[in-house]
Amino acid sequence: MPPAAPLAVLDLGTAKTVLAVCEERDGALHYLAHGEVESRGLRKGQVVQLDFATEAVKEAAALVEARTGFPLERVFLSLTGAQPMALASQAGVALASRSREVTRDDARRALELARNLDLPSDREMLHVLPQEFVLDGQGGVRDPVGMLASRLEARVFILTVAAVAQHNAVLVANRAGLEVEEIIFAPLASAEILLKAEDREMGVAVVDIGAGSTSLMAYLHGAPFHATAIPVGGEHFTNDLAIAFNIPREEAERIKLAFGYATAADINDATLVEAPSLAGRPARELPQRRICECLESRARELTQLLRDDLTRAGLLRGLGAGIYLTGGGGKLAGFAELLEEGLEMPVRVTAPELVNGMPQSLAAPEYSFLDGACCYGHRVRYHRPPPRKPWEKWLDRARRFLD
């Protein structure tokens, strides 16, 4: 059997564009290289200037190709904004008049029927994820293969996104010479590497605060339950400081990371922070407390938006394992504690476990998608069914006709 093709992951973010490549060795993933450049042409996780976004991807790919010595062809691609909307669907198939053993093909047919929904022209399916199977009225079954039943039903979680946002993200990769193997909602990939099975059973949400937006993926009773995106991210905190104090945006980012805190009450009034001014004016000293008051206002807004969303989804009291906070925006000092207080549930800032051989610099919350997508892509490839032969497709059509 020929060796598996290298697995490449492209994180097309508002602040940074990162491309990483791994390969399989003896059934395990091993890191080969990555390239990171500043993003251009993106806002709130969506493409707004095609040429600039494409050039950034080309630069990241060139860095990786120089380090690996081979050209890249296919990637797993991130999607963060794109107005995600989750739907629930259910469908069933009659197996026989008497109980018989459920096959893998039976499960696939039920899942295929469950995903057969009519969507508006401006929406597209991104993920169709099984929640449970129902055998002759008995629910809660995760894998029905080998069990006995006369009727099999599948309940699925369908994540749809704005079609134009998805198409433009794919177009950027294609124009950079890369075929998109699969698009992944960023928190879904992060969940792959951050969450344990027990967390999913108790109820848990991954909250990924990127530069341009905040994405959320929630699980309940072991299955995906809810997903959303909020158009507020780390850049909004930075821009607030830049506008409030008339300082360059780069300096506002530096000050946020070095001196920022999500609540101002405990900050000493006497502590001053030197900040350069715009247009060559002399630098000033800003009270750290005023800086933190500015950040606190945005932090409380984001907390309330997350609380409102979880309330609408019926999850505010349902997440026993709480929130896993990831993404670069989640590193603001004190924000996890503020969020924990506002949502009244445990919140932890989490960094990913690294793929074998990855540099320690990638063990940071802002790289959770990168690490998780490598594992996600590896699993998808492993479980992807081989191409079906013509006679197998004909047999499937015959079975559907008989059903």
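Between Leu117 and Gln90, what is the label-point separation in nm under the 7 Å Cα-to-beta-carbon projection?
1.4 nm
Between Glu285 and Asp308, take the C-beta separation as r, use R0 = 35 Å, and let me know the FRET efficiency to the nearest 0.05.
Details: r = 38 Å, r/R0 = 1.08.
The formula returns an efficiency of 0.40 here.
Hey, what did the chain get for relative contact order, percent, Cα under 8 Å, at least 6 apart? It would help to have the intermediate numbers written out before the result.
On the way: 856 pairs, mean separation 63.6, N = 403.
Result for the chain is 16 percent.
Rg and Dmax in Å for region 269-311, alpha carbons only: what are they?
Spelled out, the Cα radius of gyration and Dmax of region 269-311 are 15.5, 48 Å.
Keeping to pairs on different chains or 8 or more places apart, tell me how many lysine pairs in the chain have Cα atoms under 20 Å apart. Walk me through the intermediate numbers first.
Details: Lys16/Lys44; Lys16/Lys58; Lys16/Lys256; Lys16/Lys331; Lys44/Lys256; Lys44/Lys331; Lys256/Lys331.
Within the chain, the lysine pair count is 7.
What number do you get for region 85-161 when its Cα radius of gyration is normalised by 2.2 N^0.38 Å, N = residues? Working shown, then result.
Numbers: Rg = 13.1 Å, N = 77, 2.2 N^0.38 = 11.5 Å.
After normalising by residue count via 2.2 N^0.38 Å, the value is 1.14.
Using a Gaussian network model of the chain whose springs link C-alpha atoms within less than 10 Å, name the residue from Arg175, Arg98, Arg142 with the highest mean-square fluctuation.
The residue with the greatest mean-square fluctuation here is Arg98.
Any read-out appearing in this document is the output of simple, stated calculations on the displayed coordinates, not a laboratory observation. Note that this is a predicted model, so its numbers are computed, not measured. Here Cβ is always computed from backbone atoms with ideal geometry, including for glycine, and neighbour counts include all displayed protein chains.
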